[in-house]
Amino acid sequence: MEAVNQQNKGLWGWRFVQVVVGLSLLYFAQLYYFGGFDETTTRQAIRMSARIAVVLFSFAFMASSLQYFFKNVFTWWLRMNRKYIGISFAIIHLIHLCFLLILQTNFHPVFNKAKTISLIGGGMAYIFLVLMLLTSFSAFSKYLSKKQWTILHTVGGYWIWYIFIRSYVKRATTESEYIPLVVLLVVVIGLRLVRVVNNKYWNNKF
Ligand code: HEM
């Protein structure tokens, strides 16, 4: 009963996805409306879509660890909506890919110019992203055992985390505005690792 009352307050489930994706699309539309359909605007859209995506990804990937250490209404809401925050991340990052395709087909052959290792790294991240998105729905997750599902979402999560931290550490070395995003990604991995160590070696001391 409490959960149902709570669900009438604030953003829950698909309403969270609708609001986050809706506002992001409005933001991208105004970027092109005021900036014009050109390379600069498209690169800004690529950067901003990555920033929105990294924040959503971070909260989805650290939701259970955050609630493990800090039990409160916010971490409970986060844990209960992790699936929808993850789905919102996947949609926004597929929009990042759409902007890359706009850049490729209209302004700059980014996929031709990118290093093979970046294409493989980024490409694998997108394969994980699509598989994690699809298996967020029972129509697809029913084909996986619980263990297979957990392995896919853990390995996929760490790989996407790695591509993000690699992209942002590179930029943070020259542009300090990226430091908060690097700190966020370090907090995500720190919480997950301390939880694993706490579980395994410290007998749940915390
Ligand atoms: C093969 C696929 C990908 C390609 C070709 C690609 C290409 C690019 C390019 C060209 C930019 C620079 C845009 C600019 O600043 O002008 C960029 C930015 C970025 N990409 Fe991607 N990307 C790919 C996949 C990914 C994936 C899978 C992730 C994360 C999991 C990611 C995260 C980022 C981040 C964090 C930025 C920096 C945004 C900023 O400067 O604020 N990319 N990408």
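Within the range 146-158, is even one residue among the charged types (D, E, K, R) and either surrounded by 12 or more Cβ atoms within 10 Å (Cβ to Cβ) or touching a helix residue (DSSP H, G or I) at 6+ places or on another chain (Cβ under 6 Å) (or both)? Walk me through how you get there before you give the answer.
Initial filter on the range 146-158 (among the charged types (D, E, K, R)): 146-147.
From what's left, either surrounded by 12 or more Cβ atoms within 10 Å (Cβ to Cβ) or touching a helix residue (DSSP H, G or I) at 6+ places or on another chain (Cβ under 6 Å) (or both): none.
Looking through the range 146-158, none of the residues is among the charged types (D, E, K, R) and either surrounded by 12 or more Cβ atoms within 10 Å (Cβ to Cβ) or touching a helix residue (DSSP H, G or I) at 6+ places or on another chain (Cβ under 6 Å) (or both).
Looking at the range 108-153, what helices (runs of 4 or more DSSP H) fall wholly within it and have at least 2 residues that are touching a residue at least 12 places away in the same chain (Cβ under 8 Å) and more than 10 Å from the ligand (Cβ to nearest atom)?
Numbers: elements: 110-113, 116-134, 138-141.
Qualifying helices (runs of 4 or more DSSP H): 116-134.
For Tyr162, state whether it is within 11 Å of the ligand (Cβ to nearest atom), of a type in the set (Ser, Thr, Tyr), open to solvent by 80 Å² or more (accessible area, probe 1.4 Å) and at pLDDT 95 or above.
Numbers: within 11 Å of the ligand (Cβ to nearest atom): yes; of a type in the set (Ser, Thr, Tyr): yes; open to solvent by 80 Å² or more (accessible area, probe 1.4 Å): yes; at pLDDT 95 or above: yes.
Yes.
For the range 165-178, what are the residues that are farther than 22 Å from Leu119 by Cα, assigned to a helix (DSSP H, G or I) and either touching a Lys or Arg at 6+ places or on another chain (Cβ under 7 Å) or within 12 Å of the ligand (Cβ to nearest atom) (or both)?
If the condition is that a residue be farther than 22 Å from Leu119 by Cα, assigned to a helix (DSSP H, G or I) and either touching a Lys or Arg at 6+ places or on another chain (Cβ under 7 Å) or within 12 Å of the ligand (Cβ to nearest atom) (or both), then Glu177, Tyr178 are the ones that fit.
State whether one or more residues within the range 14-31 are assigned to a helix (DSSP H, G or I), at pLDDT 95 or above, surrounded by fewer than 17 Cβ atoms within 10 Å (Cβ to Cβ) and of a type in the set (S, T, N, Q).
yes
Just checking, how many residues over the range 32-58 are away from the ligand (no atom under 12 Å from the Cβ) and open to solvent by 60 Å² or more (accessible area, probe 1.4 Å)?
Step one: of the range 32-58, the residues away from the ligand (no atom under 12 Å from the Cβ) are 32-38.
Okay, now just the ones that are also open to solvent by 60 Å² or more (accessible area, probe 1.4 Å), so 33-34, 37.
The qualifying residues number 3.
Restricting attention to the range 102-126, which residues are polar (S, T, N, Q) and surrounded by 16 or more Cβ atoms within 10 Å (Cβ to Cβ)? If you could, list the steps in order and put the result at the bottom.
Going through the range 102-126, the residues polar (S, T, N, Q) turn out to be 104-106, 112, 116, 118.
Gln104, the sole residue that qualifies.
Just a yes or no: is a residue in the range 65-77 part of a loop (DSSP other than H, G, I, E, B), among the polar types (S, T, N, Q) and under 15 Å from the mean Cα position of the chain (by Cα)?
No, the range 65-77 contains no residue that is part of a loop (DSSP other than H, G, I, E, B), among the polar types (S, T, N, Q) and under 15 Å from the mean Cα position of the chain (by Cα).
The values are calculated or read from the model by the stated rules, or taken from the named source; none is laboratory data. These figures come from a predicted structure and were not determined experimentally. We place every Cβ from the backbone using ideal geometry, glycine too, and count neighbours over all the protein chains shown. Areas reflect the complete protein model, heavy atoms only, side chains present, ligands, DNA and RNA absent. Shrake-Rupley method; radii C 1.70, N 1.55, O 1.52, S 1.80 Å.
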